[in-house]
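**Student:** Once you've had a glance at the structure underneath, I'll fire off some questions.
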Ligand code: HEM
Ligand code: HEM
């Protein structure tokens with residue numbers, strides 16, 4: 001089994017965990033933002049006919065596929081990262097990682113719940129609100145992940 005505790009007492013994600021999180025994260029962001037751009041191209045001449053753009057369905061198909069990957073990766077991290085991360089972040093210099101880690105976990109739950117709502121339940125009048133809340137949670141997750149990353153100065157000490 002791969003050694004994930006570093007010499008400075010930190011904890012490194014296995015490379016496929018880090019790459020998996022980044023890959024599904026990028027695909028989710030691009031397909032989510034791409035869908036928004038296509039769907040709300042209001043005011044453009046091309047949108048005058050009011051028909052959905054043909055690529056909208058494909059953006060959501062790919063988004064749905066990546067969403068399965070996102071939930072899988074969250075499950076992987078729940079077992080392989082959260083317990084170690086929680087212990088490590090007791091140290092004051094890693095307090096920001098505990099705060100951003102809790103935030104990331106909460107946002108992942110919000111994305112899963114709102115994504116489920118969008119797919120199975122959302123009535124037409126509520127869909128835009130739920131969709132924007134979901135997309136805002138997705139953007140907040142990208143920002144929280146950037147904040148969560150270990151800082152060089154903390155990692156060296
Ligand atoms: C309660 C929840 C969490 C806690 C307490 C936590 C804590 C930590 C800590 C302490 C580190 C730094 C390790 C070091 O400096 O050596 C870290 C790194 C990291 N965490 Fe978390 N984490 C949590 C949740 C998450 C979640 C949900 C994700 C992804 C969506 C995530 C992704 C990462 C990544 C990508 C790194 C960088 C590791 C590397 O580059 O190898 N963490 N976390
Ligand atoms: C683990 C993370 C995520 C999960 C589980 C997830 C899940 C879903 C699901 C199931 C749908 C409904 C698809 C359909 O109606 O066919 C959806 C729609 C959508 N997602 Fe995500 N998603 C995630 C992350 C993101 C991110 C990072 C963004 C970035 C902006 C985003 C933006 C959107 C948008 C704009 C829609 C369409 C909203 C609408 O129909 O009004 N999602 N997502």
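**Student:** Give the angle, between 0 and 90 degrees and rounded to the nearest 10, that separates the Cα long axis of helix 127-148 from the longest principal axis of the Cα atoms of the chain.
**Tutor:** Result, in degrees: 30.
**Student:** Over the alpha carbons of the stretch 50-101, what is the largest minus smallest coordinate on each principal axis, giving the biggest first in Å?
**Tutor:** Its Cα atoms span 54, 22, 9 Å along the three principal axes.
**Student:** On to the next question. Angle between the Cα long axis of helix 95-120 and the longest principal axis of the chain, 0 to 90 degrees, nearest 10?
**Tutor:** Once rounded, the angle reads 30 degrees.
**Student:** Which value, to two decimals, describes the C-alpha radius of gyration of the chain once divided by 2.2 N^0.38 Å?
**Tutor:** It is 1.23.
Values quoted throughout were computed directly from the atomic coordinates according to the rules given, and no laboratory measurement underlies them. Please read all numbers here as calculations on a predicted model, not as lab measurements.
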